[in-house]
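This report refers to the structure that appears directly beneath it.
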Amino acid sequence: MYRTLKGKHFITLRDWTNIEIDMALEVAADLKRRFYMDEPTPLLQYKTIALMFFEASTRTRNSMEMGIAQLGGHANYLDTSTMQISHGESAKDTGIILSSFGHGIACRHCVWGEGNAYITEMAKHASRPVLSLQCDLYHPMQGLADLMTIKEVKKETKGLNVSIIWAYATSHKKPISVPLTQALLFPRYGMNVTLAHPKGFELPDWVIEEAKANAEKYHGSFRVIDDMDEAFRGADIVIPKNWGSWSGKVPNVSIEDFKHWKCTEEKMSLASPEVCYMHALPADRGNEVDDSVIDGVHSIVYQEAENRLHTAKAVMALTL
Ligand code: CP
């Protein structure tokens, strides 16, 4: 069964069935246990992967590099500004060449309207699996680690009230790929998902339609609201995080008008007493969230970040 994933691309979790996702989570849990026990896990001995990054990364790069080393293989880190891509070499040629040198290609490319198309084009021509490390639409590695973390902490996902909440930030215009991935994935596990944001920060219509269809199929629910307090009320999990306006249709108001979209202790007090605070990181402390929340007892952000390692290892072990 596990061998069926050999050679499979990992570009969006939409292409992975729940059975396949559960398999990856099972392998990730096993690898986590063996990591803690200092047990060798040479599942990818002598195998290599090219890691292409168009943008900066801390968690993704290191979970992949350290992850494959712990599996007995090697990752070749590639800053794309130093590759011939910078002189116009095509995704097709890059995909064919890099896949002929090793056992897989992984790529982060978040430029709106380009990233997913680039990774998909490489995958079309590569002879080895292509793994997305985040594009303009999806962040499947993050989605998998988030799901693993929720299952570890809450055990049962059915009926869990999860709120994906837009938050104010000044750091940079963050992609929509994290909330989009969560909005599509969590209803597939029976969660009651609330997506909350001010006007102008909508996710694409097709995402809302698919999230609702997933909720119906898997007996969860999905709603979109523009009231931050309502999103916190009774939530078991809150994920307040900034994302940019992909549509450019932000009302003619200053971003400063949304400064109150911040995760504070007051907001957390509206949620379930056992609420967990999650964030893919990096967080814009003081803007998206108060230190007292992200460093507080409800925060599971470091467990969530650590699970990026175990899930990345699982995806590589299964696909490469
Ligand atoms: N969450 C996440 O993808 O982190 P990095 O941008 O540091 O990889």
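Each reported figure results from applying straightforward, stated rules to the coordinates on display, with no laboratory input. Since the structure is predicted, the reported quantities are computational estimates derived from the model, not experimental observations. Please note: Cβ atoms are built from the backbone with ideal geometry, for glycine as well, and neighbour counts cover all protein chains shown.
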Taking region 1-149 and dividing mean pair separation by its residue count, relative contact order in percent (alpha carbons under 8 Å, at least six apart): 27 percent
What value, in deg cm²/dmol to 500, does the helix sum -39500 (n - 2.57) over DSSP H runs of n ≥ 4 give at 222 nm once divided by the residues of the chain? -11500 deg cm²/dmol
Quick one: angle between helix 140-154 and the longest Cα principal axis of the chain, in degrees between 0 and 90, rounded to 10, please. 60 degrees
Charge tally for neighbours of Asp22 with beta carbon under 11 Å away, counting Lys, Arg as +1 and Asp, Glu as -1, is 0
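How would you rank 3-10, 135-142, highest first, on the average number of other Cβ atoms within 10 Å across their residues? Let's see the in-between values first.
Details: 3-10: 15.8, 135-142: 25.2.
Per-residue mean Cβ counts within 10 Å order the peptides as 135-142, 3-10.
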Add +1 for every Lys or Arg and -1 for every Asp or Glu among the other residues with Cβ under 9 Å from the Cβ of Pro129, and state the total. +3
In degrees, nearest 10, the alpha-carbon axis of helix 115-125 is tilted away from the dominant principal axis of the alpha carbons of the chain by 30 degrees
In sequence order, what are the phi-derived ³J(HN,Hα) couplings for region 127-137 according to the Karplus relation 6.51 cos²θ - 1.76 cosθ + 1.60 with θ = phi - 60°, rounded to whole Hz, with x for glycine and proline? 8, 10, x, 10, 10, 7, 10, 2, 10, 5, 10
Can you tally the net charge around Cys107? Count Lys and Arg as +1, Asp and Glu as -1, for every other residue whose Cβ sits under 15 Å from the Cβ of Cys107. -3
The helix 205-217 Cα axis meets the longest alpha-carbon principal axis of the chain at an angle in degrees, between 0 and 90 and rounded to 10, of 90 degrees
For His74, other-chain or 5+-apart residues with amide H closer than 5 Å (H placed, Pro excluded) are Lys47, Thr48, Ile49
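Counting other C-beta atoms within 10 Å, which of Val130, Val289 has the fewest, and how do the rest follow? Don't skip to the answer; put the middle values down first.
Numbers: Val130 26, Val289 29.
The most exposed by this proxy come first: Val130, Val289.
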Using per-residue counts of other Cβ atoms within 10 Å, averaged over each peptide, order 38-47, 14-23, 112-121 from highest down. 112-121, 14-23, 38-47
